[in-house]
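The values are calculated or read from the model by the stated rules, or taken from the named source; none is laboratory data. Not measured: the values here are computed from a predicted model. Positions of Cβ are generated from backbone atoms using ideal geometry, with glycine treated the same way; all protein chains shown enter the neighbour counts. Please note that ligands, DNA and RNA were not included when accessible areas were found on the heavy atoms of the full protein model with its side chains. Shrake-Rupley method; radii C 1.70, N 1.55, O 1.52, S 1.80 Å.
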Amino acid sequence: MIQWLLVMLLVLGIALDKGIIVIPDRYNPWAPISLDASPGPWFRYKLSRLGDDPEACRSVLASDPAQRFSAMEDATVGDCSLTNLVRMQGGEVAVQPPVMTRCPLAVAWAMYERGLSEAASRQLGTGIARIEHMGSFACRNIYGRATGRRSQHATAEALDVGAFITTDGRRISLLNDWGEGAPGRFLEEAGEHACTVFGTVLGPDYNAAHADHFHLGVGGRVCR
């Protein structure tokens with residue numbers, strides 16, 4: 001049985017290599033991330049691989065001319081080591097002020113922002129021009145506790161988003177608009193969309209500490 005399985009895998013590998021069988025990139029775990037396509041089942045795996053390959057990660061960002069970013073040097077702040085850094089400004093949806101993150105988070109954001117204006121159009125009749133955030137990097141444990149595991153913020157692999165500014169000038173904030181009519185429906189959809197891209201998504205329904213923001217992180221697997 002094992003021998004037949006090995007033979008089948010070998011035949012499949014040859015067929016893929018020769019182009020006899022073609023797998024769409026979003027279903028191919030070895031294909032680069034395409035920002036023009038929706039996230040596939042291998043998206044988070046591909047994102048994790050970019051964490052160890054700054055050149056490939058920045059190449060993915062650069063594939064979208066709208067994405068504004070600049071490479072940064074590795075750094076150590078306190079006892080937190082930061083690698084594969086970029087200063088991210090966003091693309092279709094501006095990130096203001098620009099924020100230092102690990103490159104894979106910037107790639108995830110580039111993928112995420114494409115659905116934001118679609119959600120705003122459905123729920124609010126407008127697009128999203130920019131976001132307001134509370135930063136990415138903070139060298140601390142979760143919730144700032146003296147003991148416990150490190151926060152995703154300690155490696156700049158999470159972004160806290162507090163409000164969305166629409167193209168017609170409205171400010172939709174989690175603190176004031178969660179559960180409130182059309183703005184609340186937009187925020188709910190924005191959170192659901194985030195769960196298709198980010199590994200960790202925490203918002204007002206998770207706990208009181210997240211009442212005023214979405215925590216968007218590239219690692220883990222939590223959507224609450």
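Odds and ends about this structure:
- Per residue, the convex hull spanned by the alpha carbons of the chain comes to 161 Å³.
- In this structure region 50-117 gives 42 Å² per residue of accessible area when probed at 1.4 Å with all protein chains present.
- Alpha-carbon centroid distance for the pair region 172-224 / region 118-157, whole angstrom: 9 Å
- For the chain, complete DSSP H runs whose alpha carbons reach 15 Å or more along their own long axis and whose mean Kyte-Doolittle score is 0.0 or higher are 2-17, 103-124.
- With both labels modelled 7 Å from their Cα along Cα-to-Cβ, the ASP52 to ASN141 distance reads 2.9 nm.
- Accessible surface of the chain, 1.4 Å probe: 55 percent of it comes from carbon and sulfur atoms.
- With 0.36 nm allotted per residue and the present C-alpha distance subtracted, the GLU92-ALA182 stretch has 30.2 nm of extension available.
- Rg/Rh (Cα only; Kirkwood hydrodynamic radius) as it applies to region 165-224: 0.98
- Cubic angstrom per residue, convex hull over Cα atoms of region 105-203: 95 Å³
- Taking the Kirkwood radius as Rh and the Cα radius of gyration as Rg, region 110-159 has a ratio of Rg/Rh equal to 1.20.
- Evaluated at q = 0.11, 0.14, 0.22, 0.23 Å⁻¹: base-10 log I(q)/I(0), Debye formula over Cα of region 38-149: -0.41, -0.65, -1.26, -1.31
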